[in-house]
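Report on the structure given below.
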């Protein structure tokens, strides 16, 4: 039996992690026989459209993340189920959701789970779905005023047919001017100054480079956004800017860097530094699928997604409190980052094949078959 | 046959039972029956029975609120007591205030059946006290969601009523909820409140699971009752 699924997330063509998952999942849910439509949280205001034959209902410019129209969209599409994919805590109108059959795909990146996420889940009556085992553990913990939840488990995935190792990596690197260099990659949305541990990562690289003059940093991010860093200023201050290359900004901001192009960037790196407090951590997994090992932290999803990469121990970090989420994130110590880079400098080349092998366990087709298919069949049978 | 059976599970609160009996004596206008449910191991059992002042009571092994509510409801839907037009869930920490509250709520029940609830001075989005048409309880096979022990059974009533288009809020009828959160001057937190708190986690999970997996089917049952009664749904 097929479900009619309304997907409350960003337009699939937006250059964000949530949109990328949307683009990967919706065609595959259709292939399972379900009818799907997007209720846009962003990326398509005030007019309907289609994406690859999938209806896209608009958000409006009058309310945040489409909450003013998701109920009418649900009824217009005659949906059986709405699945939300955004920072769950952004939802502000619980009454809207009480009339809908809702699953909240909820990234959990702090310990305990975000109080703000928890409140939305409890108030809307929606069912939480963890996208990582860390998230599942946090939801089930039931500590510090949060009830223990009973979430579904629907992990993110990546397209390992797009993100593949390079047939001739040496030629690729030569073409990029990376011959003889130890390339450290960072790929992030530059809209955060804390959670993603950007500053410790940059400072750790700067310390590392004092010893290794052939080390260079490639940053796939916009140079400056209001809620993030001015990366050039910060890089100059800590002395790493002369060894930093930025992805082309115009192409990045306009969404012209497609996944196949990004895959070449990953392939050319020796290691990718991805030490944020992540709800999942797609960029590191994409890098691994291209054969590039990652450095992660022993916090949030780091241990479950580091694979054969390099883990900064929790002892090389410290907790810090976030009032909004009433929970801890962890801030990496600069020395811990430097030490992980030292290990990567010596061993990363030997871990490329194993990194790929690890990443394919999160191939999107496999994730859909193993996790999404049985859950949706179960829900369809429940009527 | 009574118009309304008010089902009142209670534990350890003879004073609350007495307060409810008195309030009903002063305010009921319909043919309303109070039916109490007491735990057989309740240290206050004898006092409770005395406070019930002759109203029907059932004494049984200890149960939670939902299980007790269903146990009492079955008396009227399956175990031989004449089924009234509607069944009500009113807490022992509630006090009817509006004269004729029972008649007013019965009169506001939608044609074909539904859920009707008063202003309880605590929440207006869900029916913490509720009157439900008996055929709906019969068709569902339960009055309070059996997977929950205590919490969220009122959310379920709201969900079903909204989904089936038969939820009616009556702000002109007051049945005050004297919960210690809102009336600490009247009610103090006691062991019964404390015990109930222990099931919150499991009840939230059960409620979310019901919304995801069973709610649509149960709402269809409610709509079916209304259709069978000739209501436009």
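The values are calculated or read from the model by the stated rules, or taken from the named source; none is laboratory data. Given the structure is predicted, the values throughout are model-derived calculations rather than measurements. Here the Cβ positions follow ideal geometry from the backbone for every residue, glycine too, while neighbour counts run over all protein chains shown.
Does any residue in segment A:245-264 that is under 20 Å from residue A:291 (Cβ atoms) come within less than 6 Å, Cβ to Cβ, of a residue that is exposed (fewer than 14 other Cβ atoms within 10 Å of the Cβ) six or more places away or on a different chain, and which pairs are these?
Partner pairs satisfying both residue conditions: A:257/A:251.
Among the residues that make up segment A:185-194, is at least one of them within 14 Å of another protein chain (Cβ to nearest Cβ) and in a loop (DSSP other than H, G, I, E, B)?
no
Could you grab me the full set of residues in segment B:136-153 that are under 19 Å from residue B:195 (Cβ atoms), surrounded by fewer than 24 Cβ atoms within 10 Å (Cβ to Cβ) and free of Cβ contacts under 8 Å to residues at least 60 places away in the same chain?
B:151
Just to be sure, is residue B:219 surrounded by fewer than 19 Cβ atoms within 10 Å (Cβ to Cβ), in contact with a helix residue (DSSP H, G or I) (Cβ under 7 Å, 6 or more places away or on another chain) and either within 14 Å of chain A (Cβ to nearest Cβ) or in contact (Cβ under 8 Å) with a residue 12 or more places away in the chain (or both)?
So residue B:219 passes the test.
Might you let me know whether segment B:168-190 holds any residue that is more than 14 Å from every other protein chain (Cβ to nearest Cβ), out of contact with any helix residue (DSSP H, G or I) (no Cβ under 6 Å at 6 or more places or on another chain), more than 26 Å from residue B:98 (Cα to Cα) and in a helix (DSSP H, G or I)?
Checked segment B:168-190: no residue is more than 14 Å from every other protein chain (Cβ to nearest Cβ), out of contact with any helix residue (DSSP H, G or I) (no Cβ under 6 Å at 6 or more places or on another chain), more than 26 Å from residue B:98 (Cα to Cα) and in a helix (DSSP H, G or I).
Taking the conditions exactly as written (within 14 Å of chain B (Cβ to nearest Cβ) and buried (at least 23 other Cβ atoms within 10 Å of the Cβ)), does residue A:128 satisfy them or not?
The answer is yes for residue A:128.
Filter segment A:100-134 for residues that are within 17 Å of the chain's Cα centre (by Cα) and under 21 Å from residue A:28 (Cβ atoms) and give the result.
Selection gives A:104, A:105, A:106, A:107, A:129, A:130, A:131, A:132.
If you go through segment B:222-233 one residue at a time, how many are within 14 Å of chain A (Cβ to nearest Cβ) and surrounded by fewer than 16 Cβ atoms within 10 Å (Cβ to Cβ)?
The qualifying residues number 1.
In segment B:196-209, which residue that is under 21 Å from the mean Cα position of the chain (by Cα) and in contact (Cβ under 8 Å) with a residue 60 or more places away in the chain is nearest to the other protein chains (Cβ to nearest Cβ)?
The extreme case among them is B:207.
Let me confirm something: among B:158, B:163, which residue is touching a helix residue (DSSP H, G or I) at 6+ places or on another chain (Cβ under 6 Å), surrounded by 15 or more Cβ atoms within 10 Å (Cβ to Cβ) and within 12 Å of chain A (Cβ to nearest Cβ)?
Checking each option against the conditions leaves just B:163.
From the list A:270, A:242, which residue is farther than 20 Å from residue A:192 by Cβ and surrounded by fewer than 16 Cβ atoms within 10 Å (Cβ to Cβ)?
It is A:242.
Wholly within segment A:307-383, which helices (runs of 4 or more DSSP H) include no fewer than the required count, namely at least 1 residues that are in contact with a strand residue (DSSP E or B) (Cβ under 8 Å, 6 or more places away or on another chain), surrounded by fewer than 20 Cβ atoms within 10 Å (Cβ to Cβ) and within 14 Å of chain B (Cβ to nearest Cβ)?
In segment A:307-383, the matching helices (runs of 4 or more DSSP H) lie at A:373-381.
Just for helices (runs of 4 or more DSSP H) wholly inside segment A:1-113: which have at least 2 residues that are surrounded by 24 or more Cβ atoms within 10 Å (Cβ to Cβ) and touching a residue at least 12 places away in the same chain (Cβ under 8 Å)?
Because the criterion is at least 2 residues that are surrounded by 24 or more Cβ atoms within 10 Å (Cβ to Cβ) and touching a residue at least 12 places away in the same chain (Cβ under 8 Å), the helices (runs of 4 or more DSSP H) in segment A:1-113 that meet it are A:17-31, A:70-77.
Give the residue, chosen from B:57, B:85, B:71, that is out of contact with any helix residue (DSSP H, G or I) (no Cβ under 9 Å at 6 or more places or on another chain) and at pLDDT 95 or above.
B:71
Failed condition for residue A:134, given (1) crowded, with 21+ Cβ neighbours inside 10 Å; (2) part of a loop (DSSP other than H, G, I, E, B); (3) away from every other protein chain (no Cβ under 13 Å); (4) out of contact with any strand residue (DSSP E or B) (no Cβ under 8 Å at 6 or more places or on another chain), with all others met?
That leaves (2) as the condition not met.
Would you please name the residue that is nearest to residue B:49 (Cα to Cα), looking only at residues in segment B:25-34 that are in contact with a helix residue (DSSP H, G or I) (Cβ under 8 Å, 6 or more places away or on another chain) and surrounded by 15 or more Cβ atoms within 10 Å (Cβ to Cβ)?
Within segment B:25-34, the match that is nearest to residue B:49 (Cα to Cα) is B:34.
Here is a list of conditions, (1) in contact with a helix residue (DSSP H, G or I) (Cβ under 8 Å, 6 or more places away or on another chain); (2) crowded, with 24+ Cβ neighbours inside 10 Å, and residue A:277 meets all of them except one; can you say which number that is?
With respect to (1) in contact with a helix residue (DSSP H, G or I) (Cβ under 8 Å, 6 or more places away or on another chain); (2) crowded, with 24+ Cβ neighbours inside 10 Å, residue A:277 is out only on (1).
With B:129, B:164, B:144, B:158 as the choices, which residue is over 15 Å from the mean Cα position of the chain (by Cα) and under 27 Å from residue B:229 (Cα atoms)?
Unique residue meeting the criteria: B:164.
Residue check: is residue B:51 under 19 Å from residue B:22 (Cα atoms), surrounded by fewer than 18 Cβ atoms within 10 Å (Cβ to Cβ) and touching a helix residue (DSSP H, G or I) at 6+ places or on another chain (Cβ under 6 Å)?
no
In segment A:173-189, is there at least one residue being touching a residue at least 12 places away in the same chain (Cβ under 8 Å), under 20 Å from residue A:275 (Cβ atoms) and surrounded by fewer than 18 Cβ atoms within 10 Å (Cβ to Cβ)?
Within segment A:173-189 (the criterion being touching a residue at least 12 places away in the same chain (Cβ under 8 Å), under 20 Å from residue A:275 (Cβ atoms) and surrounded by fewer than 18 Cβ atoms within 10 Å (Cβ to Cβ)), the answer is yes, since at least one residue qualifies.
Please work out if residue B:213 is at pLDDT below 95, surrounded by 15 or more Cβ atoms within 10 Å (Cβ to Cβ), on the phi < 0 side of the Ramachandran plot and facing chain A (nearest Cβ under 7 Å).
Here the answer is yes, as residue B:213 does meet what is asked.
It is to be established whether one or more residues within segment B:126-135 are in contact (Cβ under 8 Å) with a residue 24 or more places away in the chain, closer than 28 Å to residue A:122 by Cα and surrounded by fewer than 19 Cβ atoms within 10 Å (Cβ to Cβ).
No.
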